[in-house]
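See below for the structure under consideration.
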Amino acid sequence: MSKPEKPFIALNIAILTVSDTRSLEEDTSGKYLADSLVKSGHTLAERAIRTDDIYQIRAIVSQWIADPAIHAIITTGGTGFYIRDQIPEALSPLFDKEVQGFGEMFRTLSRDEIGMSTLQSRALAGMANNTVIFCLPGSSGACRTGWEGIIKEQLDNRTRPCNFVPHLMRENPKHDH
């Protein structure tokens with residue numbers, strides 16, 4: 001006798017696009033992520049664009065990390081090697097723990113699409129204050145690879161043998177009194 005499937009748990013997810021040139025209307029990568037997470041049953045908690053400024057990036061992501069209603073954050077852009085690409089430098093110091101396999105898995109999947117150019121992606125992920133943060137490159141293709149290949153399943157509480165949802169639903173012990 002098989003167990004009944006667990007009901008899906010919808011998460012509140014914030015999307016940050018990091019770009020010096022795009023507006024919200026031109027942001028195809030952020031729109032793809034927002035549409036995809038809603039289509040998967042999650043809630044778009046917030047969506048924003050910031051320039052490639054380390055302090056603006058840290059400010060908004062810190063605000064979202066501190067908000068107990070936001071379970072996950074996905075960023076797009078700023079992961080390359082241009083001088084203004086600063087997502088790893090901006091966000092790594094905010095992580096309580098790095099999700100060490102994320103970048104490797106992203107580059108493995110991406111290699112099938114763009115070959116060894118995937119070496120120029122500094123995609124990364126981490127946990128901060130019971131919030132998971134996934135940092136993807138700025139192209140729509142990279143966002144599709146990251147969402148479909150990794151993030152969608154890891155934000156689905158029905159994914160076996162494990163997923164991130166239980167870590168996002170716990171109270172943060174640092175704030176318990």
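Here are the numbers for this structure:
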quantity	calculated
FRET efficiency for residue 62 and residue 6, using Cβ-Cβ distance with R0 set to 25 Å, rounded to 0.05	0.20
Percent carbon-and-sulfur accessible area, the chain, ignoring ligands, DNA and RNA, probe 1.4 Å	54 percent
Residue 144 versus residue 44: modelled label distance in nm, points set 7 Å from Cα along the beta carbon direction	1.8 nm
19 Å Cα cut-off, lysine pairs counted over the chain (separation 8 or more, or different chains)	6
Solvent-accessible heavy-atom area per residue, rounded to whole Å², over the chain at 1.4 Å	54 Å²
For the chain, share of DSSP beta bridges that run antiparallel, in % to the nearest 5	30 percent
Exposure rule at most 13 other beta-carbon atoms within 10 Å, DSSP loop chymotrypsin sites (Phe, Trp or Tyr not before Pro): the chain longest free segment	83-177
Nearest-0.05 FRET efficiency for residue 97 and residue 159, computed from C-beta distance (R0 22 Å)	0.70
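The values are calculated or read from the model by the stated rules, or taken from the named source; none is laboratory data. These numbers come from a predicted model, not from an experiment. So basically every Cβ, Gly included, is an ideal-geometry build from the backbone, and we count neighbours across all protein chains shown. Just so you know, the surface numbers come from the protein's heavy atoms only, side chains and all, with ligands and any DNA or RNA stripped out. Shrake-Rupley method; radii C 1.70, N 1.55, O 1.52, S 1.80 Å.
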